[in-house]
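The structure under discussion appears below in the form of structure tokens.
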Amino acid sequence: MPEHEKIKILSKELLSIRPLVPVYSHITEETREVLNTFKSIKEAQEEISWDAVGSYIISMTHHASDVLTLLLLAKEVGLCGIDGDGRVFNRIDIAPLFETIGDLQRLPKILNDLFNNETYKRYLAERDDVQEIMLGYSDSCKDGGILTSNWELYKAQKKITAIGMDCGVNIRLFHGRGGTVGRGGGPTHKAILAQPKGTVNGYIKMTEQGEVISSKYANLGTAAYNLNLLAAGVMEAAIETGARGKGQRSRKEKIYEDAFEKISEISYRLYRELIEDKDFLTYFEQATPIDELEHLKIGSRPSYRSAPDRFNQGLPDIKKVEDLRAIPWVFSWNLSRHIIPGWYPFGSAIKNWVKGQGSRDKGKKLLKEMYRDWLFFSNLVDNIQMVIAKADMDIAKLYASLVKDKSVRDGIYKKIKKEFDLTVKMILMITGQKNILDNDKFLQRSINLRRPNIDPVDYMQVDLIRKIRDKNIKGEKRQRVIKTLMASINCISAGLRNTG
């Protein structure tokens, strides 16, 4: 049905006292499982605590009707609805998750449709007019590349805050960050300060995942330190800046934002050119351990959205990047030391933008000023140079040797290698450094100390992948190869850190 008709019907049902599913209905197991999930939430609230279950996240929110649908399912089990006196009650917080570039761009319309819907306003009022909105870093990066992803998230936060103010809704932003830079990772304190002004209003919510949890919170001392950094970042971001110089800073920031809008447009085009190249997915499948990750016993979901058991069934190659889940996508590139989700195509985007400024010196000067004075840009550049320090194009070439077709191998690898070299050059130009991470000697030394222990394992891993793909190796010998390969994956990820 058209979206406006969906909204009309759902709104009407939400104000009805009758159940959606009659007791005598014969429903499928899948439907029963969905309804039982909501029953479990209600039981947890009643038997354990009202705080036992937090927000219900709607992954891949595309329309306002997705939120109303969720609310209607919650109403079915008594988590919300109409009481005996005809009053609305609501015991569930809903957090729509916007993950793709398209959804981030459609976000203003979705929120306006929701916040101006009289039925939804009544339900939201029962949650103190607080709307939690989750922003997805992983899929937006896979969809549009590191620069466009960060930029669309930046703009989305400003739009969400403005719409909330206009509609009288208190916004709580929920950042779905992963461990690696390609999934929104990086130093937390600086990341908070880099958010658009006025969007961190005294509180923030974010995810911590994977090895980041153990590295930050494994003992009381490091946990307290990292929570202090988090709290300090929120307080610092929330403090209203003084009137003096505020107008000048706003004008400067507008110049910086206009410049980055152009850089993002260039970056998006170049990134899509790479991932839509007819040979790209073949290269990705063969030059990274994406299929081998299926043997790891750590994932709650398969690596592929549309084909959950490709590895064992010998299914045909994936057709598009959208078929891949974001975590194994990033993890595979990191293990093979390409790490392209964390930097591609920074170099060409910056170079092409500078060319378009008429004067090369003018463009360079503005970029250096942006790095010095704009936290969003400096945080992004510093995260990218951390990724660059961990990437290794010589080792990546070794993984590329796993690609059977020479023309595919050479074509994609050369494109990546050329872009990598240009990215290094552009970062050094912007930061004024001689070497990558010269402005963070501690991190630079830490990575350099780890590399002699990590790099040899990558060489072993390439050999192990070659063996595991050999159909003649079977039985117990194959199981030993798999076990050793899993150990090599754990070793590389532990050494590189923030890999998944």
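None of the figures in this text is laboratory data; all of them are computed from the coordinates on show. The structure displayed is predicted, hence computed values, not measured ones. Cβ: placed from backbone, ideal geometry, glycine included. Neighbour counts: every protein chain shown.
The local environment of Ala44, defined by Cβ-Cβ distances under 12 Å, has a net charge of -1 under the rule Lys, Arg +1 and Asp, Glu -1.
Overall form of the stretch 98-139: oblate. Here a/c, set by the Cα gyration tensor axes a ≥ b ≥ c, is 1.5 or more, and a/b is not larger than b/c. Rounded to the nearest 10 degrees, the inclination of helix 406-431 to the longest alpha-carbon principal axis of the chain is 80 degrees. Asp103 sits among other residues whose Cβ lies under 11 Å from its own Cβ, and their net charge, with Lys and Arg +1 and Asp and Glu -1, is -3.
Look at where the Cα atoms of the stretch 22-42 and of the stretch 117-177 average out, and the two centres are 29 Å apart. Excluding residues fewer than 8 places away in the same chain, name every one of the aspartates and glutamates whose C-alpha is closer than 19 Å to that of Lys197. Straight-line reach from Lys197, under 19 Å: Glu132, Glu152, Asp166, Glu236, Glu240, Glu253, Glu257, Asp258, Glu261, Glu369, Asp373. Of Lys418, Lys278, Lys75, Lys155, the sequence from fewest to most neighbouring Cβ atoms within 10 angstrom is Lys278, Lys418, Lys155, Lys75.
Thinking of the stretch 249-496 as a set of Cα atoms, what percent of all their pairs are more than 23 Å apart? Cα-Cα pairs of the stretch 249-496 separated by over 23 Å account for 55 percent. Beta bridges assigned by DSSP with both partners in the stretch 3-245 are antiparallel in approximately 20 percent of cases. Straight Cα distances below 20 angstrom link Lys474 to the lysines Lys483, with same-chain residues fewer than 8 positions distant left out. The angle between the Cα long axis of helix 220-238 and the main principal axis of the chain comes to about 70°, on a 0 to 90 degree scale.
Give me the angle, in degrees from 0 to 90, between the Cα long axis of helix 475-496 and the longest principal axis of the Cα atoms of the chain, rounded to the nearest 10. That helix lies at roughly 90 degrees to the long axis.
Taken as Cα centroids, the stretch 370-438 and the stretch 336-352 sit 5 Å apart, rounded to the nearest whole angstrom.
Diffusion of the chain by Stokes-Einstein, at 25 °C in a medium of 0.890 mPa s and with Rh set to the Kirkwood radius over alpha-carbon pairs, works out to 99 µm²/s.
For the cross-link pairs Lys158/Lys278; Lys121/Lys158; Lys390/Lys467; Lys75/Lys205; Lys142/Lys406, the ones whose C-alpha atoms lie over 30 Å apart are Lys158/Lys278.
Which links in Lys368/Lys417; Lys364/Lys434; Lys12/Lys109; Lys351/Lys415 stretch past 18 Å when you go from one Cα to the other? With Cα atoms farther than 18 Å apart: Lys368/Lys417; Lys12/Lys109.
The helix-based estimate of mean residue ellipticity at 222 nm for the chain, built from -39,500 (n - 2.57) per DSSP H run of four or more residues and divided by its residue count, is -20000 deg cm²/dmol to the nearest 500. Taking the Cα centre of the chain as reference, the dipole from Cβ charges on Lys and Arg (+1) and Asp and Glu (-1) amounts to some 2000 debye.
With the highest mean first, a sort of the peptides 258-271, 281-294, 217-230 on other beta-carbon atoms found within 10 angstrom per residue produces 281-294, 258-271, 217-230.
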